[in-house]
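For reference, the structure is listed below as structure tokens.
The values are calculated or read from the model by the stated rules, or taken from the named source; none is laboratory data. For clarity, every value in this text was computed on a predicted model and none was experimentally measured. Cβ coordinates were reconstructed from backbone atoms using ideal geometry, including for glycine residues, and neighbour counts include every protein chain displayed. Note: areas computed on protein heavy atoms with side chains; ligands, DNA, RNA excluded. Shrake-Rupley method; radii C 1.70, N 1.55, O 1.52, S 1.80 Å.
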Amino acid sequence: MCGIVGYLGHRQAYEILIQGLHRLEYRGYDSAGVALINDDCNLNVYKTRGKVSNLEQSADGKDTNGTVGIAHTRWATHGEPNDVNAHPQLSQSRSIALVHNGTIENYSVLKKALIQHGYSFESDTDTEVLVQLIEFIKITNGCSTLDAVTEALHQVEGAYAIAVIEDGDPDTLIVARKSSPLVIGVGDGETFIASDATPIVGFTDKVVYLQDDEIAVIRRGKPLQVLSLKDNKPSKINIQTLKLSLAQLEKGGYDTFMLKEIFEQPATLRDCLRGRIVDDCNRVVLSGVEINKDKFLNARRIVLVACGTSWHAALIGKRLIQEMCGIPVEVEYASEFRYSNPCLTKDDIVISISQSGETADTLAAIQLAREKGAFVYGICNVVGASIPRNTDSGTYIHVGPEIGVASTKAFTGQVTVLVLLALCVGQLRGTILPQTVHDVAKALTELPETIEKTLRLDSKIQELSRIFTYAHNFLYLGRGYNYPTALEGALKLKEISYIHAEGYPAAEMKHGPIALIDHEMPSVIIAPSDSLYDKIISNVQQVKARGGSVIAIVSKGNRAMADIADYCLEIPEVPECLSPIVASIPLQLLAYHIAVNKGKNVDMPRNLAKSVTVE
Ligand code: M6R
């Protein structure tokens, strides 16, 4: 978790760092801090609990001069969110400043050893141990700071992306990474570093993705130097061109990123589908699948691994792949899979699904799958992230940066790619009728318009949300393809409004949760006109019979449900396998409006961060 940013160049660093922190705030917002070396070569550090705006207030009027600096926005792991635990962390002599994204697992052993050498600690963080260790090595070995950083990183276990500056040296910035992302932006006489490319956009489009076990030294007026931490030899520098625009990182007139991202879905799905449906909707092309045709033809089993919303998409993927490709599919939480000693062979395909491509559990799951010989395929949004770089092949969902912590457009993009993948593999294996390919592919090409129509429900949902703003619990029910949609709807409500909500397969309700139903427990029922519609009607009757109020998501023109449910939201009819994409739109809007009615910060819900790069 956490976001780091750094700058060395000819401009004043402070504004660049603050702007970068704002763009990285989705990664955590428990505290923020900045370290700068001013024109007199003195190190100034400002840090505070809370959001980046708090940092701006507390640094207001202070000396923020300097053309080199590092900064941090934190999602707390070691130590409560307070000023002292905020980064940058300083060495004992207060001359080395360090920001860190990751976790130093052996910090307590190292801390004990340093205490024995007379070191004392101010914070509860693992990061302070690392910066103290660097200074200890520098003094003990009489070596350069670069050598001390290198040696310290040999001694630590865990994950890190770090940036280091030193009092008295305004011309050097040192960065390194292992298992946490770090991007270097190479400008004209200036260099930017950050946890992702967003703080760099608008300054330069030339970037280098630092690899695991690499350390880079940025020296004023000198070319970038990248070394392997393993053997200290220079690494090849691969400069890539960034394809992100400033407009993609701004709210574009919306009050929040989440609302922008919900309303962007017609466009993001158009981008996601571009070039993938050909021959008058008779063929689906996914290059990642086609170049690995044999793997998909001979697959014995597919295991989908993911976390959170991406795991809900995986549940939908299971149904799609089983139905269209006739391959047995399992779905695993990446966090469980990684410690489950899974039985995998070279004929198994492990498909990871991740918006960020940085989720630690998902990354560890695919590393394990590869070690065990499985073919690993990634479905990801962030181009160049760690997960796509650690898979054998994959497909990007191409929905653009998702900044709101609650995933919306990434979910619909993931499900869309899973539909494409199932169609593509089904064609290759001959397990799907050409007419089905055509019908689903055609409906996919119409999906952007379908979503546009669905978004017209917004004002009705806003009105409806007022009735339920103060409910304490919600039940979300769905069946078949829409059981995962129910889970996703419940997660959206929980994470941004802090209302307890449970997603359940509608027919399972009678085995326990029905006991919860009373007039204070609203149920959201996802009931499009599909093969299980008649079944779900009786589940709705069961809720109504116990005094519960029902909000039903139904297909346009459905009258039967209107007689039973208290409120009906009509969505356009689509093939059954696409209904989770359409049905998730009103659920996103309902969660959004309830959270806004409650005055919650929907883009930055409490305790959460966008990418979960810790266990
Ligand atoms: O980046 P990933 O898709 O791997 O993230 C997985 C989850 O952390 C993420 O989906 C999380 O559950 C979201 N906050 C849900 O809105």
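Looking at Lys293, Lys243, which one is at pLDDT 95 or above and of a type in the set (Lys, Arg)?
Result of the check over Lys293, Lys243: Lys293.
For residues in segment 394-410 being within 10 Å of Gln265 (Cα to Cα) and near the ligand (Cβ under 9 Å from one of its atoms), which is nearest to the chain's Cα centre (by Cα)?
Ala410
Checking the condition within 16 Å of the ligand (Cβ to nearest atom) and either open to solvent by 10 Å² or more (accessible area, probe 1.4 Å) or touching a strand residue (DSSP E or B) at 6+ places or on another chain (Cβ under 8 Å) (or both), which residue from Arg559, Arg606 passes?
That would be Arg606, the only listed residue that is within 16 Å of the ligand (Cβ to nearest atom) and either open to solvent by 10 Å² or more (accessible area, probe 1.4 Å) or touching a strand residue (DSSP E or B) at 6+ places or on another chain (Cβ under 8 Å) (or both).
Just one of (1) buried (at least 23 other Cβ atoms within 10 Å of the Cβ); (2) out of contact with any Pro (no Cβ under 7 Å at 6 or more places or on another chain) trips up Leu98, so point out which.
Leu98 satisfies all of (1) buried (at least 23 other Cβ atoms within 10 Å of the Cβ); (2) out of contact with any Pro (no Cβ under 7 Å at 6 or more places or on another chain) except (2).
Any residue in segment 57-80 that is basic (Lys, Arg), crowded, with 19+ Cβ neighbours inside 10 Å and either out of contact with any Pro (no Cβ under 8 Å at 6 or more places or on another chain) or not in a helix (DSSP H, G or I) (or both)? Working first, answer last.
Taking segment 57-80 and keeping what is basic (Lys, Arg), we get 62, 74.
So of that shortlist, the ones also crowded, with 19+ Cβ neighbours inside 10 Å come out as 74.
Of the ones still in play, those that are also either out of contact with any Pro (no Cβ under 8 Å at 6 or more places or on another chain) or not in a helix (DSSP H, G or I) (or both) are 74.
Yes, there is a match, as at least one residue in segment 57-80 is basic (Lys, Arg), crowded, with 19+ Cβ neighbours inside 10 Å and either out of contact with any Pro (no Cβ under 8 Å at 6 or more places or on another chain) or not in a helix (DSSP H, G or I) (or both).
Given the criteria within 16 Å of the ligand (Cβ to nearest atom), in contact with a helix residue (DSSP H, G or I) (Cβ under 6 Å, 6 or more places away or on another chain) and either among the hydrophobic types (A, V, I, L, M, F, W, C) or on the phi > 0 side of the Ramachandran plot (or both), does Cys325 qualify? Don't jump to the end; show me each part of the working.
Numbers: within 16 Å of the ligand (Cβ to nearest atom): no; in contact with a helix residue (DSSP H, G or I) (Cβ under 6 Å, 6 or more places away or on another chain): yes; either among the hydrophobic types (A, V, I, L, M, F, W, C) or on the phi > 0 side of the Ramachandran plot (or both): yes.
Spelling it out, it is not the case that Cys325 is within 16 Å of the ligand (Cβ to nearest atom), in contact with a helix residue (DSSP H, G or I) (Cβ under 6 Å, 6 or more places away or on another chain) and either among the hydrophobic types (A, V, I, L, M, F, W, C) or on the phi > 0 side of the Ramachandran plot (or both).
I'd like to check something: does segment 565-575 contain any residue that is in a loop (DSSP other than H, G, I, E, B), within 16 Å of the ligand (Cβ to nearest atom) and open to solvent by 10 Å² or more (accessible area, probe 1.4 Å)?
Kept after step one, since they are in a loop (DSSP other than H, G, I, E, B), are these residues of segment 565-575: 565-566, 572-575.
Subset that is within 16 Å of the ligand (Cβ to nearest atom): none.
Checked against the condition, which is being in a loop (DSSP other than H, G, I, E, B), within 16 Å of the ligand (Cβ to nearest atom) and open to solvent by 10 Å² or more (accessible area, probe 1.4 Å), segment 565-575 yields no hits at all.
Select, from Gly503, Gly489, the only residue that is at pLDDT 95 or above, in contact with a helix residue (DSSP H, G or I) (Cβ under 7 Å, 6 or more places away or on another chain), within 20 Å of Ile262 (Cα to Cα) and within 16 Å of the ligand (Cβ to nearest atom).
Just a single option satisfies the conditions, and that option is Gly489.
Only one of these is out of contact with any Asp or Glu (no Cβ under 8 Å at 6 or more places or on another chain), open to solvent by 50 Å² or more (accessible area, probe 1.4 Å), of a type in the set (Gly, Ala, Ser) and modelled with pLDDT of 95 or more: Gly317, Gly326. Name it. Reasoning before the result, please.
Values: Gly317 fails: open to solvent by 50 Å² or more (accessible area, probe 1.4 Å).
From the options Gly317, Gly326, the qualifying one is Gly326.
Which of the following residues is part of a loop (DSSP other than H, G, I, E, B) and of a type in the set (A, V, I, L, M, F, W, C): Val217, Val201, Val208?
Details: Val217 fails: part of a loop (DSSP other than H, G, I, E, B); Val208 fails: part of a loop (DSSP other than H, G, I, E, B).
Just a single option satisfies the conditions, and that option is Val201.
Return the pair list, or none, for Cβ contacts closer than 9 Å from residues in segment 382-393 that are touching a residue at least 60 places away in the same chain (Cβ under 8 Å) and within 14 Å of the ligand (Cβ to nearest atom) to residues that are open to solvent by less than 30 Å² (accessible area, probe 1.4 Å) and in a helix (DSSP H, G or I), at least 6 apart or on different chains.
Ser386/Leu363
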